Every structure is written in structure tokens, then in C-alpha cells.
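Enquirer: There's a structure below that I have some questions on.
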Amino acid sequence: MERPNAWKKYSDDEKKAVFTFAEEYKAFLSKCKTERECVAELKKIAISAGFQNIHEIIARGIKLKPGDRVFADNMGKNLALFIIGSEPIENGMNILGAHIDSPRIDLKQNPLYEDTEMALLDTHYYGGIKKYQWVTLPLALHGIVSQKDGTNVSINIGENPNDPVFGISDLLIHLSAEQLEKKASKVIEGEDLNVLIGNMPLVSREDESDKSKEIKDAVKQNILAILKEQYHIEEEDFLSAEIEVVPAGPARDYGLDRSMIMGYGHDDRSCAYPSFAAMLEIHNPQMTSVCLLTDKEEVGSIGATGMKSRFFENIVADIMNACGNYSELKLRHALQNSCALSSDVSAAFDPNYPSVTERKNAAYFGHGLVFNKYTGSRGKSGSSDCSAEFIAIIRRVMDDNNICFQTAELGKVDAGGGGTIAYMLANYNMNVIDSGIAVLNMHAPWEIISKADLYEAKKGYIAFLLNA
Ligand code: MN
Ligand code: MN
């Protein structure tokens, strides 16, 4: 059984639409490199598209009615959007889930130090990374510093072409004989992911003559002086900061035919963005439409802003209450009567590494939205297994709407595996299937997707919200 290639079916107009949507996505991906930046940007777009904050709805005692558009922001890192359907929510919602955190390197709480007149930042990596991929690259700092007075200072250094960039050094080849004998997992170790940020000492002019008054750790002190001057932050403020070290620079077209996009964070923003974009195109749905963008997926979905948090069911309760139709029992019915596409990236078939995939059940660039009946690893350990009946519904919806789709597994049976947020939604007893976009170089600083797949995903999400 072979699945069709999406590029072959496009008219000139549709091909143009594929490239236009890719430009929109590239702008988003280049601008939003942290979960906080994603929430801030998508919230802004949602508000201009008529979505209202659920907390304002509640505070003002507004009753929600079919067609109303609402969002809930969870701590600035996790966002849920709803479009109220004509059917009561108790009958179920159509939910698009995806995550907006990506593998990266975080600064430690006490990060700044000086060694041999170099100022460095100590880090703690986040998610599954091949550490050797993150050295000798231009890196940027994105995040916030939260002050004791409750204000947040935004940090974004390394994206503007005039900004400096940062980086992690690697050993020169000339002296690497011993390093190159190591296992790939040990070539660069976690504690060696130190980001170089300065090399110029602070000099106190008055004390030039008096050696005893020479500034200690003068390079680090100079960095602190710059941080004080430009961002009004002190060294102790790092204690309450979340600063992420990410690849610097924009997403770009990939390939001479420009059919692909290279960018940081396709996992999972290549699913999150088309899910969000699909919501913007939905008006007056029958079933309540939901887009749930979660945080912490890359570290197991734990914590207040991850999928395991009570946030989602609490907000559904608030929304049902604002519709004038809440009870604990109705909430449970609403969740178990829902259907979800849990979208996360799939491993694209890589001709350089064919041995880890089984060709008939692999995801291919240009073959559209990927559906995985199950995830997990080896003997389906930890898998969220979607029912055949629900897949039949998905096939009908996709075929009726001319959506190009394919089915896949994450690699060969014994090769490894992975999980997504699907099983957490399935725990509510709803129908969930894993879906998403094929990615090359998954979890590397620069990942690659196909523009056709991105476009088919958005179209598939719209079809799901309206017809599932
Ligand atoms: Mn993912
Ligand atoms: Mn991932």
C-alpha cells in the first residue's frame, strides 16, 4: 500500500497557498523560540481574531454562547483556545493538542562564572539532545528574569543581525585524539555545555596605579555591569530567571526547490502552529473546537503547565460554567465524549539512515499529515493505542476533504520509540490519535520539515474540527 505525494495534486493556486502558509510559519518559528514567546505571540494574534480571556468573561459575568471564542493562558507557558459549538459541550469537544516547548539548553540558577579571563554561563540541558550537536554554533539567549517586585524583564539576545551571539566551544581536531575515542554520548558531556559570553575585563581607572585594588573576576564583573546597565538586573536575579539557550537566527527555506524549511523547534511548533491557524479559520462549529498548546512535553509533561496538570479540565469546567451548563458529571461527560488529535512530530524517513525504519510504516516528506495508531516502544510499552473505529472516522474525514495523509510508526519495532501527550488525553476516556508532521534531524538545533506536510496539516486540522 502506497500513499500519494501531496505535491503531485497541487494546482498552481494551491501550490502558492502552500508557500504562503510556509512564510507565515517561518516568521512565527523565527520569532517564537520558547514556550513563553509562543504563548505571548499566539495570544496576541488570538485577541485580534476575537478570542476573549476566560478570566475576563468570568469576572464580568458574561454568558458564553455558540460561536464565542475564548482563551485561557496558564502561567504564560501553556495556552488553551475554545470556540463554543452549537452542541452542548457535554456532548464532547474536538480537540487539537500539541506542545510548544522544544529541546534546548537552560541556564542554571547560579550560572555566571569566570575562568581564565573568560566569562561563562553554566547550563542544564532540557529534553533529549545529542549534546555534541550543540557546540560551535551561534546561540541566542531567550527568556525572562523575574524581579522581586513582581516585574519580568524580557531577554532576547542574538536574533537581531546586529546582536552578538554566544556559543559552546569544542576541542580543535588537532588535540582531539583522546576525545574522538569516546562514545558519542560522552564526546561532549552535560557539564561541559558552558556558554561563553565575555572576555573583556572591567577596568577601574582610578585604581590603575594601585595593584592591590585590582578588580577580582573583572571579566565577569564587566558582564554584570553590562547586564545592570542594559537590563537593570543583578547577579542574584539569575535565581529567579528562566533563560533558554537556543540556536540563533531565523528559519530558512531548505533545498534548491524551496520545498522544505530548516528551523529551530519544529518539534513541536510545526504541529502547534497549524493547529492554532486552523482555529482562526473556524466559525460557528457544531462541536466545540479546542486547541491546547502544552509545555513540558519534552521532559514528560509534568508540572503545572504540562499535560498532566489539572489546568485543562479546570478550564473546561470554567467554560461550561460560563455557558451556564456545568456540573461535575457534565464535565466528565464532556471529556469522555471528546475526540482529539494529539499532534507531535514523526521521524521522517532518512535515506542516510534507512536501517532504523521499516519502509512500509515510515513517514515520508511530502506525503502529508502523519497518523500513528500507536506510539510507545518495543512491545508497545507505554503506547497510547487508538481504536480501529476512531481511525475509520479519521480516514473518512481526511478522504472526504481531500487531505493527503500517511500512517507511520516511530522507527523499527526494536529500534527505540517515544511518547506524546496522547495517553494523558486518553486517560479521560476520549478517542485520541497521534498525528503530526514528519521531521528530519529531530531534536537537533536545526530541524527540517516539508512545506507540503505543514499545509496538509492545517487543512487536516480544519477538517477534523468541523467533521469529526
Ligand atoms: Mn514532540
Ligand atoms: Mn520531542
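Enquirer: Of all residues in segment 292-304 being assigned to a loop (DSSP other than H, G, I, E, B) and more than 16 Å from ligand 2 (Cβ to nearest atom), which is nearest to residue 125 (Cα to Cα)?
Expert: First, pick out the residues of segment 292-304 that are assigned to a loop (DSSP other than H, G, I, E, B): 295-296, 300-304.
When the remaining residues are screened for being more than 16 Å from ligand 2 (Cβ to nearest atom), the result is 303-304.
Values: 303: 17, 304: 20 Å.
Step by step, filter segment 292-304, then rank; the result is 303.
Enquirer: Give the number of residues within segment 412-441 that are away from ligand 2 (no atom under 16 Å from the Cβ), under 28 Å from residue 333 (Cβ atoms), touching a residue at least 24 places away in the same chain (Cβ under 8 Å) and not small (Gly, Ala, Ser).
Expert: 7
Enquirer: Restricting the first residue to segment 143-170 and requiring it to be aromatic (Phe, Trp, Tyr), which pairs with a second residue that is assigned to a loop (DSSP other than H, G, I, E, B) meet a Cβ separation below 8 Å and a spacing of at least six or different chains?
Expert: 166/138; 166/158; 166/248
Enquirer: List the strands (runs of 3 or more DSSP E) that sit entirely inside segment 67-142 and contain at least 3 residues that are within 16 Å of the chain's Cα centre (by Cα) and within 16 Å of ligand 1 (Cβ to nearest atom).
Expert: 93-99
Enquirer: For segment 328-349, enumerate the residues that are away from ligand 2 (no atom under 16 Å from the Cβ), in a loop (DSSP other than H, G, I, E, B) and farther than 20 Å from residue 72 by Cα.
Expert: Hits for segment 328-349 are 337, 349.
Enquirer: Hey, can you tell me all the residues within segment 395-440 that are within 16 Å of ligand 1 (Cβ to nearest atom) and in a helix (DSSP H, G or I)?
Expert: Across segment 395-440, the qualifying residues are 422, 423, 424, 425.
Enquirer: Examine segment 18-29 for a residue that is assigned to a helix (DSSP H, G or I), in contact with a Gly (Cβ under 8 Å, 6 or more places away or on another chain) and either surrounded by fewer than 17 Cβ atoms within 10 Å (Cβ to Cβ) or charged (D, E, K, R) (or both), and state whether such a residue exists.
Expert: yes
Enquirer: To continue, here is another question. Please work out if residue 241 is in contact (Cβ under 8 Å) with a residue 12 or more places away in the chain and more than 16 Å from the chain's Cα centre (by Cα).
Expert: yes
Enquirer: Go through 435, 377, 327 for me and flag whichever is under 22 Å from residue 459 (Cβ atoms) and either crowded, with 17+ Cβ neighbours inside 10 Å or assigned by TED's automatic domain parsing to the domain that holds residue 459 (or both).
Expert: The conditions single out 435.
The values are calculated or read from the model by the stated rules, or taken from the named source; none is laboratory data. All values derive from a computational prediction rather than experimental measurement. Neighbour counts run over all protein chains shown; Cβ positions are idealised from the backbone, glycine included.
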